[in-house]
Amino acid sequence: MQPINKMRTEFLSKSANESFARVVAASFAAQADPSIEVVADIRTAVSEAVTNAIIHGYGEEEGTVVLTCVLYPDFVEITVEDFGKGIEDVEKAKTPLFTTRPDLERSGMGFTVMETFMDSLEIESRVGQGTRIRMTKELKSR
Amino acid sequence: MDVRFSREGNSLVVMMEGELDHHTASRVRERIDNKFLMEPVKNLILDLSRVTFMDSAGIGLILGRMNRVTLIGGKMLIRKPKPEIQRILRMSRIEELIELDA
Ligand SMILES: Nc1ncnc2c1ncn2[C@@H]1O[C@H](COP(=O)(O)OP(=O)(O)OP(=O)(O)O)[C@@H](O)[C@H]1O
Ligand SMILES: [Mg+2]
């Protein structure tokens with residue numbers, strides 16, 4: 001399928017960029033005139049993926065997070081990529097309430113939120129190389 | 001995120017305003033915990049009516065506060081979350097653990 005539009009942005013793994021990333025993805029999706037609920041779901045899912053890249057992918061280090069949004073006739077594809085430490089066991093990481101950072105008051109719900117709020121979620125990860133999250137959301141027009 | 005405090009009997013009311021994410025949560029957490037220790041209160045009421053965004057960082061913050069309040073025998077109440085925020089609360093089962101005043 002031919003994309004209608006595409007954008008790519010990269011930023012440092014600083015927590016201040018979490019809101020930046022949400023706004024960018026939501027504004028990009030807005031051109032398809034989606035419902036408020038759909039925009040809210042996209043904002044939340046992007047926030048989860050970007051926060052994970054920042055706190056789990058890079059942690060104390062600083063690195064680059066890449067956000068890509070591609071618009072198709074009736075859905076948007078969003079990719080969040082980091083080049084940090086990677087996930088050892090993706091299936092385990094996806095389990096609700098599983099977290100490797102309870103010390104940070106993380107609840108282990110990030111992947112569950114992404115899965116619930118988006119229509120598809122794919123996680124590709126290599127230990128020592130990084131993680132790529134690909135999500136899609138149907139854009140039913142109002 | 002803006003945080004304001006008030007008291008209702010032996011409850012500390014926290015009015016939160018703005019976006020609650022990982023970036024804003026650490027400071028909010030610190031402010032609530034300090035205030036809760038200083039005030040002669042037992043219960044905690046989180047007023048979410050002006051929270052415009054919340055992700056799993058908010059779930060972590062709410063559950064973390066609940067653990068502290070429960071530890072001293074107090075109760076926690078969540079007040080007036082917007083529909084989008086209610087959705088994430090429901091998903092995280094916070095609704096089953098904490099009283100919700102819609
Ligand atoms: N980009 C990433 N790089 C490395 N590890 C990751 C990444 N994303 C997730 N993980 C791992 O997967 C686990 C589960 O992620 P998830 O987002 O579901 O929960 P969490 O981030 O721990 O808690 P929450 O999102 O509820 O605050 C994390 O604890 C972490 O170990
Ligand atoms: Mg997470």
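What follows draws every value from the coordinates through simple rules; no lab data is involved. Owing to the predicted nature of the structure, the values given are computational and were not obtained by experimental measurement. Positions of Cβ are backbone-derived with ideal geometry, glycine not excepted, and every protein chain shown enters the neighbour counts.
Taking amide H atoms as placed 1.01 Å from N in the peptide plane, the amide H of A:Leu139 lies under 5 Å from those of A:Phe75, A:Val76, each 5 or more residues away in sequence or on another chain. Enumerate the residues in the stretch B:40-72 having an amide nitrogen under 17 Å from the point lying 7 Å beyond the Cα of B:Asp101 toward its Cβ. It comes to B:41-51, B:66, nothing else. Think of the protein assembly as shown as having a plus end and a minus end, set by charges on the Cβ of Lys, Arg, Asp and Glu; of B:Gly60, A:Val50, A:Phe75, B:Gly60 sits farthest toward the positive end of this dipole. Database remark: amide H of A:Gly63 closer than 5 angstrom to the amide H of A:Ser13 (H placed geometrically; neighbours at sequence offset of 5 or more, or on other chains; Pro and chain starts carry no H). Taking the centroid of alpha carbons for each part, the stretch A:1-58 and the stretch B:23-91 are 25 Å apart. Using θ = phi - 60° in the Karplus curve 6.51 cos²θ - 1.76 cosθ + 1.60, the 3J(HN,Hα) couplings for the stretch B:25-42 round to 4, 4, 6, 4, 4, 4, 5, 5, 5, 4, 5, 5, 6, 6, 7, x, 10, 10 Hz; x is entered for Gly and Pro. Summarising the amide proton neighbourhood of B:Arg50: residues at separation of 5 or more, or on other chains, whose placed amide H is nearer than 5 Å comprise B:Met16. Here the stretch B:2-101 is treated as a Stokes sphere of Kirkwood radius computed over C-alpha pairs; at 20 °C and 1.002 mPa s its diffusion coefficient rounds to 161 µm²/s. Residue by residue, the stretch A:21-38 carries 3J(HN,Hα) couplings of 4, 4, 5, 4, 5, 5, 5, 4, 5, 4, 5, 8, 6, x, 6, 4, 4, 4 Hz when phi is fed to the Karplus relation 6.51 cos²θ - 1.76 cosθ + 1.60 (θ = phi - 60°); x denotes Gly or Pro.
The phi-based Karplus calculation (6.51 cos²θ - 1.76 cosθ + 1.60; θ = phi - 60°) puts the 3J(HN,Hα) values of the stretch A:130-136 at x, 9, 10, 10, 10, 10, 10 Hz, whole numbers, x for Gly and Pro. For the residue pairs A:Lys94/B:Lys42; B:Lys35/B:Lys75; A:Lys6/B:Lys82; A:Lys6/A:Lys137; A:Lys94/A:Lys137, the alpha carbons lie more than 26 Å apart in A:Lys94/B:Lys42; A:Lys6/B:Lys82. Restricting to chain B, what percent of DSSP beta bridges are antiparallel, rounded to 5? Given both bridge residues lie in chain B, the antiparallel proportion sits at roughly 30 percent. Among beta bridges from DSSP that stay inside the protein assembly as shown, the antiparallel ones total about 70%. Under the convention that each Lys and Arg Cβ holds +1 and each Asp and Glu Cβ holds -1, the size of the dipole of the protein assembly as shown around its Cα centre is about 620 debye.
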